[in-house]
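Here is the structure we will look at, set down as structure tokens.
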Amino acid sequence: MKTSQNIQNYLENNGPSTVAEISRALERTKADIREQMDQLLAQNRVERLTAAPTETAGRPAARFGLIQKTPEPLVKGLIAGLMGFLKINDLDQEKEADFIELVNNALVTNFQPRGYSCASRMNQAVAYLESIGIRTTWVATRSGPKITLVQENISILFKNPGLSKKVVRQLIQKMKEKAVGP
């Protein structure tokens, strides 16, 4: 089994742990665990927890924990229920724009691109979009990156094709701006 999967299994079974604890338990070097942790942090699979104040001198060791995923059926059920409650087809233009902005801000909040390379940050944006059900590709052009929509699953939840297109279009634009700037 891969080291990253072993780390996730360990954290699931033992809760938040330090690199040293994981290293001892998995019989791997601390450097190997740190390398894997960096990758898991970039993939939003684990999080660095704030250290509690200690009685001993020195900086406390960072603890890492798994990021808890909300079950997909629960999310879909809640969204479908909220959409029914909103009577999405009765929105005027101002409320529709506010709704689109609210949804996109909620979706973009968790995306934090890392690295110096624009290509790396765009790849992270495409991977993040795919993780929320929007498959895209991107190519570099003279005027900047161009993102192309391949498939999206938002229209299934909204049951309003026009609104879902607007949400996806604006979401892709916001992701691009967050990854490489306007």
Testing Thr148 on (1) over 19 Å from Thr109 (Cβ atoms); (2) surrounded by 12 or more Cβ atoms within 10 Å (Cβ to Cβ), one condition comes back false. Which one is that? (2)
Given Lys166, Lys176, Lys159, which one is over 23 Å from Ile67 (Cα atoms), touching a strand residue (DSSP E or B) at 6+ places or on another chain (Cβ under 7 Å) and in contact (Cβ under 8 Å) with a residue 40 or more places away in the chain? Lys176
Of the residues that make up the stretch 116-126, is at least one basic (Lys, Arg) and surrounded by 15 or more Cβ atoms within 10 Å (Cβ to Cβ)? yes
Checking Lys76, Lys87 in turn, the sole residue that is surrounded by 12 or more Cβ atoms within 10 Å (Cβ to Cβ), at pLDDT below 75, under 27 Å from Lys165 (Cβ atoms) and of a type outside the set (A, V, I, L, M, F, W, C) turns out to be Lys76
Which one is farthest from Ile132 (Cα to Cα) among residues in the stretch 143-164 that are part of a helix (DSSP H, G or I) and either modelled with pLDDT of 85 or more or of a type in the set (Val, Ile, Thr) (or both)? Ile156
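Could you list, in sequence order, the residues of the stretch 21-57 that are among the small types (Gly, Ala, Ser) and at pLDDT below 75?
Across the stretch 21-57, the qualifying residues are Ala51, Ala52, Ala57.
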Report the residue count in the stretch 1-48 for those that are of a type in the set (S, T, N, Q), over 21 Å from Ser120 (Cβ atoms) and surrounded by 15 or more Cβ atoms within 10 Å (Cβ to Cβ). 6
Given the conditions (1) exposed (fewer than 13 other Cβ atoms within 10 Å of the Cβ); (2) in contact with a Ser or Thr (Cβ under 9 Å, 6 or more places away or on another chain); (3) in a helix (DSSP H, G or I), every one holds for Val168 apart from (1)
Within the stretch 1-33, residues being without any contact (Cβ under 8 Å) to a residue 24 or more places away in the chain, in a helix (DSSP H, G or I) and either closer than 11 Å to Arg63 by Cβ or not charged (D, E, K, R) (or both) number 11
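The values are calculated or read from the model by the stated rules, or taken from the named source; none is laboratory data. If you're wondering where the values come from, they're calculated on a predicted model, not measured in any experiment. We place every Cβ from the backbone using ideal geometry, glycine too, and count neighbours over all the protein chains shown.
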